[in-house]
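These notes are about the structure you will find just below.
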Amino acid sequence: MDRFGAEDLVSLRREMVRFAALQLKDPVLAEDVVQEALAAAVGAQERFQGRSSFRTWVFTILKNKLIDLMRDRWHQLRVATPEFESDEDEFDALFRTNGHWNPEDRPANWGEPEKQMENQEFWVILQTCLDNLPEATARIFTMREVLGLEVEEICKELRITPSNCWVVLHRARMGLRLCLQKKWFQEEK
Amino acid sequence: MNSCRKMTELMSQQLDRPLSVSERIGLRFHLMMCRGCRNFSRNMAQLRQIFLSARGPLADEQARE
């Protein structure tokens, strides 16, 4: 294959750290896990036909390490997780009593967020918004949207019911949407 | 008319499970009349897109509609 050069490695590493940090919340731990995944991969490059299959393979190693970490962390986390059972009303304020949007809280058009994704600052805000969510909520959301696990897989890993999972994912998306709306898209306009 | 609040739940769950026929019809009908929820629906798709782009090479493998 084309040799995977130093520059390729730098950019691969940067992508991996972003991926891991979204999942873990802890940037130092994210660096460590990425380092481990890279260490496991280096030296095995020759076995790959091309750069892209090598990249996919390294990312897969990282993903599996993250799943293991989440499984361990979850069982410590869950003990202290009232957010899970409670029927929170944190989004009540967005709606009128009949359940329709308050005019001032109505979701706005975000235009084309594809453009934002190249902006480094956008990712900082996104990480902040994610970190503002309750811990268990954020972890379930990132297992779904960052690791890309199906709801059934998350249920199995964490031993929760699908309907629990749907409720938590809904809260996470409500929270993230609102936070991005306030901290990023509103500023833009 | 169904409440927007209820509809946000369906629009989120749509990303996690297939909706039933009646849920889909109810949602489509609601979206025709409600600009706030149309924007919410787009925001949801965009959120997914944003996180998908953070998956690097795994994004192509795992791309879901």
Over the protein assembly as shown, cysteine residues that find no other Cys C-beta under 4.7 Å are A:Cys155, A:Cys165, B:Cys4
Counted neighbours (other Cβ, 10 Å), sorted fewest up, put A:His75, A:His100 in the order A:His75, A:His100
Of the candidates B:Ser20, A:Asn132, A:Trp184, the farthest towards the positive dipole end of the protein assembly as shown (Lys/Arg Cβ +1, Asp/Glu Cβ -1, centred on the Cα centre) is B:Ser20
Rounded to whole Å, √(5λ) for the Cα gyration tensor eigenvalues of the protein assembly as shown, largest first, gives 34, 20, 17
Computed on Cα atoms only, the convex hull of the stretch A:86-171 has an orientation-averaged projected area in nm² of 7.4 nm²
With only helices counted (DSSP H, runs n ≥ 4, each -39500 (n - 2.57)), the per-residue ellipticity at 222 nm for chain B, to the nearest 500, works out to -22500 deg cm²/dmol
Mean shadow area (nm²) of the C-alpha convex hull around the stretch A:97-144 is 5.3 nm²
Projected onto their principal axes, the Cα atoms of the stretch A:1-70 stretch, largest extent first, over whole-Å spans of 35, 22, 16
Of the DSSP H helices in chain A, the ones reaching 20 Å or more along their long axis in Cα terms and averaging at least 0.5 in Kyte-Doolittle hydropathy are A:27-41
Computed from the beta carbon distance with a Förster radius of 51 Å, FRET efficiency for A:Gln45 and A:Thr161 to the nearest 0.05 stands at 0.75
Of every Cα-Cα pair in chain B, the percentage lying beyond 16 Å is 49 percent
Computed on Cα atoms, the radius of gyration and Dmax of the stretch A:22-165 in angstrom are 18.9, 63
With a 27 Å threshold on alpha-carbon distance, the violating pairs from A:Lys25/A:Lys156; A:Lys65/A:Lys183; A:Lys63/A:Lys183; A:Lys156/A:Lys183; A:Lys65/A:Lys115; A:Lys25/A:Lys183 are A:Lys65/A:Lys183; A:Lys63/A:Lys183; A:Lys156/A:Lys183; A:Lys65/A:Lys115
With Rg from the Cα atoms and Rh as the Kirkwood inverse mean 1/r over Cα pairs, the stretch A:137-189 has an Rg/Rh of 1.11
Quick calc, the stretch A:36-189, dipole around Cα centre from Cβ unit charges on Lys, Arg (+) and Asp, Glu (-), nearest 20 debye, gives 480 debye
Helix-only [θ] at 222 nm, chain A, -39500 (n - 2.57) per DSSP H run of 4+, per residue, nearest 500, equals -20000 deg cm²/dmol
In this structure, the FRET efficiency calculated for A:Lys115 and B:Ala59 from their beta-carbon separation, with R0 = 25 Å, to the nearest 0.05, is 0.90
Checked against the positive end of the charge dipole of chain A (+1 on Cβ of Lys and Arg, -1 on Cβ of Asp and Glu, about the Cα centre), the farthest of A:Phe91, A:Gln23, A:Phe122 is A:Gln23
Simple spin-label estimate for A:Arg14/B:Ile25, 7 Å along Cα→Cβ, in nm, reads 5.2 nm
Averaged over the residues of B:8-15, the number of partner chain Cβ atoms within 10 Å of each residue's own Cβ comes to 5
Rounded to the nearest 0.05, FRET efficiency between A:Asn64 and A:Asp26 (Cβ-Cβ, R0 30 Å) equals 0.95
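Just so you know, all these numbers are worked out from the coordinates, no wet-lab data involved. These numbers were taken from a predicted model, which means no experiment stands behind them. Note that each Cβ is placed from the backbone with ideal geometry, even for glycine, and that neighbours are counted across all protein chains shown.
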